[in-house]
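One structure below.
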Amino acid sequence: MLMNLALGTVFIIAGVMLFLFPPKEINGFYGYRTTSSMKNEWNWTAANRYCSQLLMIFGALLLLVAALTGHFAVTAICTLVSIVLIFVIIENKLKKM
């Protein structure tokens, strides 16, 4: 059960850290790093801001799933789906900009 809660907690902590301490400039170390997000400063800032919000939202949902199911396998699958969804949502948003 503790490991289940840890997955959602890690998402929330990562989201809060990215929100409070966003990367100041495009880099290959810290932040939401994809080809489209690193294309220019506008994309970089928008992608990192949006990623921080999505990480916190999906982290809260993962905590809810972990509390309701209690099964690590379910939480792990939801975590993988969350990662893919965050990527797809942000990349689609960047394409529309």
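The values are calculated or read from the model by the stated rules, or taken from the named source; none is laboratory data. What you are looking at is a predicted structure, and each value in this text was computed from that prediction instead of being measured. For neighbour counting, all protein chains shown are included, and Cβ atoms are generated from backbone atoms with ideal geometry for every residue, glycine included. SASA here: full protein model, heavy atoms, side chains in, ligands and nucleic acids out. Shrake-Rupley method; radii C 1.70, N 1.55, O 1.52, S 1.80 Å.
Summary of values
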item	result
Order of exposure, largest accessible area first, which applies to Val16, Val81 with probe 1.4 Å	Val81, Val16
Dipole of the chain, positive end: most advanced residue of Met97, Thr45, Ala73 [Cβ charges, Cα centre]	Met97
Karplus 3J(HN,Hα) series, Hz, for segment 44-60 with 6.51 cos²θ - 1.76 cosθ + 1.60 (x for Gly, Pro)	4, 5, 5, 5, 5, 5, 5, 4, 4, 5, 5, 4, 5, 5, 5, x, 5
Per-pair calculated FRET efficiency, R0 = 30 Å: Thr9 and Lys39 via Cβ, rounded to 0.05	0.40
Magnitude of the charge dipole, the chain, Cβ model with Lys/Arg +1 and Asp/Glu -1, debye to 20	240 debye
Backbone HN-Hα couplings from phi across segment 4-19 [Karplus 6.51/-1.76/1.60, Hz, Gly and Pro as x]	4, 5, 5, 4, x, 5, 4, 4, 5, 4, 4, x, 5, 4, 5, 6
Estimated [θ] at 222 nm from DSSP helical runs (n ≥ 4, -39500 (n - 2.57)) normalised by residues in the chain, nearest 500	-26500 deg cm²/dmol
Stretchable slack from Val81 to Leu20, in nm (0.36 nm times residue separation minus alpha-carbon distance)	19.4 nm
GluC sites (Glu not before Pro) restricted to segment 9-97 and DSSP loop, no more than 15 other C-beta within 10 Å	Glu25
Residue among Thr34, Phe58, Ser82 farthest towards the positive dipole end of the chain, charges placed on Cβ	Thr34
Environment charge of Ile90, counting only residues whose C-beta is closer than 12 Å and scoring Lys/Arg +1, Asp/Glu -1	+4
